[in-house]
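As structure tokens, the structure follows; a few thoughts come after it.
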């Protein structure tokens, strides 16, 4: 199995699709520091990892509705 690891600060208000992601915690923190986000609320930055079998499996997961068609992701 291959893995894709990323860092995310999930936006908790109406703009959930505008959660901040990056390759490193530092890059997500920089995005938070760059702008005035007083109108938005975010969860703390956390590390996430996706395991996938092959490129198609990853593509299927990323493009499916709600991120993942199969249970267990």
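Points worth noting:
- Within the stretch 49-73, considering residues that are outside any helix (DSSP H, G or I), exposed (fewer than 11 other Cβ atoms within 10 Å of the Cβ) and under 14 Å from the mean Cα position of the chain (by Cα), the one modelled with the highest pLDDT: 49
- Close pairs (9 angstrom Cβ cut-off, 6 or more residues apart or separate chains): at negative phi and in a loop (DSSP other than H, G, I, E, B) in the stretch 6-18, exposed (fewer than 10 other Cβ atoms within 10 Å of the Cβ) and at pLDDT below 85 anywhere: 10/16
- Residues in the stretch 19-48 that are assigned to a helix (DSSP H, G or I) and either under 12 Å from the mean Cα position of the chain (by Cα) or within 24 Å of residue 60 (Cβ to Cβ) (or both): 2 in all.
- Just one of (1) loosely packed, with under 13 Cβ neighbours inside 10 Å; (2) at pLDDT below 95; (3) under 27 Å from residue 2 (Cβ atoms) fails for residue 26. It is (2).
The values are calculated or read from the model by the stated rules, or taken from the named source; none is laboratory data. Note that this is a predicted model, so its numbers are computed, not measured. Positions of Cβ are backbone-derived with ideal geometry, glycine not excepted, and every protein chain shown enters the neighbour counts.
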